[in-house]
Structures are given as C-alpha cells and as structure tokens.
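What follows is a set of notes on a single structure, which appears directly below.
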Amino acid sequence: MKNKKMIGILAGSLRKESFSKKLGKAVVSMAPEGYEFRMISLEDLPVYNQDFDDHDQVPDSYVAFRKEIAALDGFIFITPEHNRSIPAVLKNAVDIASRPKGKNLWNGKPGAVFSNSPGPLSAFGAHHHLRQCLVCLNVYVQAQPEVYLAKIGEAFEESGDLNPSVKGFVQKAVDAFVSWVERLG
Ligand code: FNR
C-alpha cells in the first residue's frame with residue numbers, strides 16, 4: 001500500500017494566540033485522502049550559528065527539526081510580516097534546515113507561501129522575501145494562486161473556525177498545492 005504524502009505546515013510565529021498558527025491548524029484539517037498535513041514546531045530552535053555545524057556542537061533541537069524536515073514531501077509556509085519582511089523565527093528555521101553546506105533539506109521539494117496580516121497589507125513584503133529565499137534553496141514554489149490574507153483577525157469565527165469565505169479560498173489554494181505536488185511526482 002502506498003504511504004501517505006507528508007506535508008509540513010510551518011507558521012512563522014511563536015505567539016500563543018498567533019493568527020498564523022490558527023491558520024496552520026485550519027490548513028491541517030484540509031488534507032485530502034492520501035496526504036497527511038502536520039504542524040512543524042519552531043519552538044526551541046536557537047538562532048543559527050555556523051559553529052554548531054563546523055565544530056560538532058549541533059543542538060538536539062536542530063537534529064530533531066532537520067530529521068522532521070527531511071522526512072517531508074512538501075511544505076506550506078504561513079508567514080506573518082515583521083517590519084516588511086519574514087519573522088526571524090521562520091527565517092531561522094529555513095536557515096537551519098539549509099545547512100550544513102551541501103545538506104540543504106529543502107532541495108527539490110514543492111512549497112507554497114500563504115501570507116497574512118491583521119492589517120490591510122497581507123504581509124506582501126514577507127511573502128516575497130520568503131519566496132526569494134525558497135528559490136535560492138531550490139524549493140519548487142507554487143506560483144498560483146498567490147495567497148495574501150489581509151485582516152486575518154476577522155477571518156475567524158467565535159468557534160475558532162475560519163469563516164466560510166476565507167475557508168473556501170484557503171481550501172482552493174490547498175487543493176492547487178496538492179495538484180502541484182502531484183505534478184512534480
Ligand atoms: C509586526 N507587525 C507587522 N504587521 C504588518 O502587517 N507588517 C509589518 O511590517 C509588521 N511589523 C511587525 C514587526 C514586529 C516586530 C511585530 C512584533 C509585529 C504586526 C503583526 O502583523 C502582528 O503582530 C501579527 O499578529 C503577527 O502574526 P501572528 O503572531 O498573529 O501569527
């Protein structure tokens with residue numbers, strides 16, 4: 001029997017009430033048959049220091065994180081924006097799994113970027129800075145649909161679920177990503 005494809009959902013925030021993490025949880029429930037979507041924790045990852053790799057001092061949390069990334073078949077990055085760019089926690093995670101040199105764990109896998117903001121700008125700056133990093137790492141980043149979610153605080157109902165309109169749009173983007181993964185084999 002064919003194994004399920006595993007897709008990692010990486011939300012670029014450590015905040016307890018993070019909209020990005022809430023969005024990530026909603027995306028996890030949208031996995032179609034034959035797929036498993038799972039949230040990848042970015043907690044406890046020290047800021048990348050090349051000395052860790054060069055002097056055999058790799059933190060246990062890096063070992064576990066790298067193992068998790070290596071086992072995935074694709075990634076959906078959910079990014080908020082910090083000062084018009086990618087939050088440090090997400091960039092740090094991208095950097096950690098890209099090293100040591102020659103062991104880029106993102107290489108050749110499909111990815112998608114969903115950006116969001118509580119304000120009206122939908123983290124456009126972070127979205128495109130992240131795409132730039134992923135292209136450098138040879139992630140096959142899905143082009144369309146572009147997922148920009150503005151006023152994200154208004155997207156959730158009291159139950160914590162996404163409202164039907166946003167949910168419908170995000171589901172379409174997830175379905176397109178799954179087609180992209182299938183197309184790449
Ligand atoms: C922000 N925020 C923010 N928002 C935005 O739309 N553009 C920006 O450039 C910034 N810059 C920024 C810098 C820093 C240091 C912080 C802490 C916040 C606000 C940000 O969108 C808001 O805090 C989100 O709620 C963060 O995402 P999570 O934690 O809800 O996923």
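Dipole magnitude for segment 1-135: about 480 debye, using +1 per Lys or Arg Cβ and -1 per Asp or Glu Cβ, origin at the Cα centre. The label-point distance for Ser61 and Glu157, in a model that sets each label 7 Å from Cα toward Cβ, rounds to 3.6 nm. Per residue, segment 32-159 exposes 51 Å² of accessible surface when a 1.4 Å probe is rolled over the protein heavy atoms with every protein chain present. Length available on full extension from Asp51 to Glu36: 0.36 nm per residue minus the Cα-Cα distance, which gives 1.9 nm. Taking the longest Cα principal axis of the chain as reference, the axis of helix 164-184 is set at about 40 degrees. Solvent-accessible area assigned to carbon and sulfur over the chain amounts to 52 percent, based on a 1.4 Å probe. Taking the average, over residues, of other Cβ atoms within 10 Å as the packing measure, peptides 77-86, 97-106, 13-22 rank 77-86, 13-22, 97-106 from highest down.
Once you charge only the Cβ atoms, +1 for Lys and Arg and -1 for Asp and Glu, what is the size of the charge dipole of segment 123-185 about its Cα centre, to the nearest 20 debye? All intermediate terms of the calculation are to be shown ahead of the outcome.
Details: 5 positive and 7 negative charges, 61 e Å.
It works out to roughly 300 debye.
For the chain, the longest principal axis of the alpha carbon atoms and the long axis of helix 19-28 meet at an angle near 90°. Normalised by the number of residues in segment 60-185, the average gap of Cα pairs under 8 Å and 6 or more apart makes the relative contact order 25 percent. Charging the Cβ of each Asp and Glu at -1 and of each Lys and Arg at +1, and nothing else, the dipole of segment 72-185 about its Cα centre rounds to 620 debye.
Highest average first, the peptides 141-150, 176-185 ordered by how many other beta carbon atoms sit within 10 Å of their residues are 141-150, 176-185.
Within the chain, antiparallel bridges make up roughly 10 percent of the DSSP beta bridges whose residues both belong there. Counting only alpha carbon atoms, the long axis of helix 124-136 and the longest principal axis of the chain meet at about 40°.
Taking 0.36 nm per residue of sequence separation and removing the Cα-Cα distance, the Ala150/Lys4 pair yields an extension gain of 49.3 nm. Subtracting the Cα-Cα distance of His128 and Ala143 from 0.36 nm times their residue separation leaves 4.3 nm of extension gain.
Which listed residue (Trp106, Met30, Ser18) has the Cα farthest towards the positive end of the charge dipole for segment 1-137, taking +1 on Lys and Arg C-beta and -1 on Asp and Glu C-beta about the Cα centre? Of the candidates, Met30 comes out farthest on the positive side. Taking the chain as a Gaussian network of alpha-carbon nodes connected by springs under 10 Å, the highest mean-square fluctuation of the residues Val166, Val113, Val94 belongs to Val166.
With just the Cα atoms defining each centre, how far is segment 121-158 from segment 49-99? Give it in Å. What the calculation gives is 18 Å, centre to centre. For Ile9, the amide hydrogen comes within under 5 Å of the amide hydrogens of Arg38, Met39, Ile40, Ile76, counting only partners 5 or more places away or on other chains and with H modelled in the peptide plane.
The values are calculated or read from the model by the stated rules, or taken from the named source; none is laboratory data. Please read these numbers as outputs of a predicted model, since none were measured by experiment. Cβ atoms come from the backbone with ideal geometry, glycine included; neighbour counts cover every protein chain shown. For the accessible areas, the whole protein counts, side chains as well, though only heavy atoms, and no ligand, DNA or RNA atoms are used. Shrake-Rupley method; radii C 1.70, N 1.55, O 1.52, S 1.80 Å.
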